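Since the structure comes first, as structure tokens, the remarks are kept for the end.
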Amino acid sequence: QVQLVESGGGLVHPGGSLRLSCAASGSIFSLYNMGWYRQAPGKQRELVADITSGGSTNYADSVKGRFTISRDNAKNTVYLQMNSLKPEDTAVYYCNAVRIISRRDYWGQGTQVTVSS
């Protein structure tokens with residue numbers, strides 16, 4: 001019932017910053033908890049950060065202090081501000097939505113983030 005489109009990925013040098021955006025459509029955004037996941041080459045997809053409909057956040061230990069997840073319900077958008085990027089942050093980043101009532105998962109197509117000199 002919800003479609004997710006990520007944007008904002010790209011190539012950045014170590015220590016640089018990027019802001020990812022995930023635009024949701026097709027449903028009532030406030031009914032979903034949102035998250036960002038990433039999948040690096042040869043690795044399993046992992047949770048980066050998530051945010052509830054009420055704004056409570058959770059981060060992977062590897063990104064605490066560097067990444068910030070936020071949401072703007074009026075714009076149906078969730079963001080991931082990524083600072084102090086490291087080469088190990090290189091991955092495809094996916095937006096995830098979980099409907100609070102049904103627990104059903106929805107995924108975006110992903111956006112590539114590459115951190116390299």
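Rule-based calculations on the coordinates, nothing more; no lab input. For clarity, every value in this text was computed on a predicted model and none was experimentally measured. Glycine also receives a Cβ, built like all others from the backbone with ideal geometry; neighbour counts cover every protein chain displayed.
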Stokes-Einstein D for segment 59-117 (4 °C, 1.567 mPa s, Kirkwood Rh from Cα pairs), in µm²/s, comes to 98 µm²/s
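Sorted by packing (mean other beta-carbon atoms within 10 Å per residue), highest first, where do 98-111, 58-71 land? Can you show the working numbers first?
Details: 98-111: 14.1, 58-71: 15.7.
Top of the packing list down: 58-71, 98-111.
For segment 27-103, report the convex hull volume of the alpha-carbon atoms normalised per residue, in Å³, without decimals. Intermediate results must be reported in sequence, preceding the final value.
Working: hull volume 7.5 nm³, N = 77.
It is 97 Å³ per residue.
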Expected vector for segment 61-68, Karplus 3J(HN,Hα) from phi with 6.51, -1.76, 1.60 and θ = phi - 60°, integer Hz, x for Gly and Pro, equals 4, 5, 10, 4, x, 10, 10, 9
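Suppose a student asked you for the relative contact order of the chain, using Cα pairs under 8 Å spaced at least 6 residues apart; what percent would you report? If you can, show how the numbers build up before the last one.
Numbers: 286 pairs, mean separation 42.5, N = 117.
The value is 36 percent.
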With +1 at each Lys and Arg Cβ and -1 at each Asp and Glu Cβ, the charge dipole magnitude of the chain around its Cα centre, to the nearest 20 debye, comes out at 120 debye
Taking every other residue with Cβ under 14 Å from the Cβ of Pro14 and scoring Lys and Arg +1, Asp and Glu -1, one gets 0
